[in-house]
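So the structure is just underneath, and the comments pick up after that.
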Amino acid sequence: MSTEPLFAPVPHPEPASNGSAPAEGAAVATAAGSAPVIAPRPESLRRPATEEPIPEPTRFFRTFGAAIRMSGRFSTLGRRPSVVAVNRELRVVVREVRAEASDVVSLRLVRPRGERAAGALPAWRPGAHLDVVLPSGQVRQYSLCGDPADRDSYRIAVRRIADGGGGSHEVHGLAEGAELTVRGPRSAFPLIQAPRYLFLAGGIGITPILPMLRAVAATRADWRFVYAGRDRGSMPFLDEIAELDPSRVVIRADAEHGGPATGAELLEFAPSGETTGYLCGPVPMLTAVRAAMNTAGAPGRVAALHVERFSAPPVLGGRPFTVELARSGGILEVPADRSLLEVVGERLPDVAYSCRQGFCGTCRTRVLEGAVEHRDRVLTQQERGTTMTICVSRAGGDRLVLDL
């Protein structure tokens, strides 16, 4: 049994089609009438004093809640925990490869035979992911979709993307016995205890949501789950979803309904009363739900929506600037609506990157000149004096000189 609590130790909110984790780990959209908020600690999401009390946790959660408080890890009321960098590297072996749906496989990872005496694998909570170092050297993030109580193995699932960056094809080529290096687990998409939930998953977006469903189903919380996909053959883990309370689950295959659901239709499944939403799915699904939340006259039951997206987030509030590549030569213009990584990648295709969201640190680059507008969630204050993550951060002025 895991000694790690399944819920993040706070009472209210905190956010690639291949099953990779966090493209928008800190994204929180508030209910109707306001624009999405992207902030590390959304103070506006404090629970009103008049709201119904959170249901009493089970003995399991009470026990570990006490342990957390005694260890000094209990977070301030109304604040989500910050994303903590994890440098831990583990060697693992693929013990099982299983087809879960069309173009989707799951991998069960265990310690190598000679290292199993080292003990249990590191604990994790629903919403956590692993950084997986593939044999080619590429690093990709994949959500853990197994049982947090299983300390002998990790499970991930990956959809093969025909025109992707190659990581999903490499995973689908792995066989039992293949050795990998993983880093983590860590989370930018934590499940936080709340009285009511609406979970929305699109296709491979089920991976971080599945452990959340199991955790919430074991409590007194009111919850609903809508699972969308092109058709049932493309939707992994339907057999495991079938084990949940059928009165709380909606399987919505586009092929059976003449097309995707609208955002308003998805939000209608929320329980009555102020609800916390979790969504992992493709960009059109995310966009539709957010638009419905911000529409005048929307039901407003989903008070906060925590999102994990399949692709790099759009550049918001950007301004154009110039970047000089000191080692390779060349001066590039970065438009207001494009990332620095995207522009640099056109000149230097081999530039290293992974998450494209500012939390893994793979693309960190030394800054030789210029001020930086840091938008990452991985660098320390000291590192920010000389380094930036070029996937999300931008120039704080008109010009940067990078050690590239």
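The values are calculated or read from the model by the stated rules, or taken from the named source; none is laboratory data. Everything numeric here is computed off the predicted structure, so don't read it as measured data. We place every Cβ from the backbone using ideal geometry, glycine too, and count neighbours over all the protein chains shown. With ligands, DNA and RNA removed, areas are computed over all heavy atoms of the protein, side chains included. Shrake-Rupley method; radii C 1.70, N 1.55, O 1.52, S 1.80 Å.
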query = Given +1 on the Cβ of Lys and Arg, -1 on the Cβ of Asp and Glu, and no further charges, what dipole in debye does region 294-399 carry about its Cα centre, rounded to the nearest 20?
reply = 280 debye
ask   = Mind checking the dipole of region 218-355: about its Cα centre, +1 per Lys or Arg Cβ, -1 per Asp or Glu Cβ, Debye to the nearest 20?
value = 300 debye
remark   = Non-local residues with an amide H under 5 Å from the amide H of residue 193, with H modelled 1.01 Å from N and Pro and chain starts lacking one, are 8, 10
task = Run through every distinct alpha carbon pair of region 177-288 and return the Kirkwood hydrodynamic radius in angstroms, one decimal place.
result = 14.9 Å
query = Accessible area, 1.4 Å probe, largest first: how do 368, 107 sort?
reply = 368, 107
request  = Determine the principal axes of the Cα atoms in region 317-404, then give the extent along each, sorted from largest to smallest and rounded to whole angstroms.
outcome  = 29, 26, 25
message = Placing one identical point scatterer on every Cα of region 279-368 and ignoring solvent, what is log10 I(q)/I(0) from the Debye formula at q = 0.12, 0.19, 0.21 Å⁻¹?
response = -0.54, -0.98, -1.11
ask   = Out of region 304-382, which GluC sites (Glu not before Pro) are coil in DSSP terms and have no more than 12 other C-beta atoms within 10 Å?
value = none
task = Would you work out which of 351, 253, 291 lies farthest towards the positive end of the dipole of region 248-377? Charges go on Cβ: Lys and Arg +1, Asp and Glu -1.
result = 351
note = Label model pair residue 256, residue 96: point-to-point distance (7 angstrom along the Cα→beta-carbon line) in nm is 2.6 nm
remark   = Shape descriptors of region 112-186 over alpha-carbon atoms, Rg and Dmax in angstrom, are 12.9, 41
note = Residue separation between residue 371 and residue 352 times 0.36 nm, minus their alpha-carbon distance, gives in nm 4.6 nm
ask   = Where the centre of each part is set by its Cα atoms, how far does region 93-149 sit from region 161-194, in angstrom?
value = 7 Å
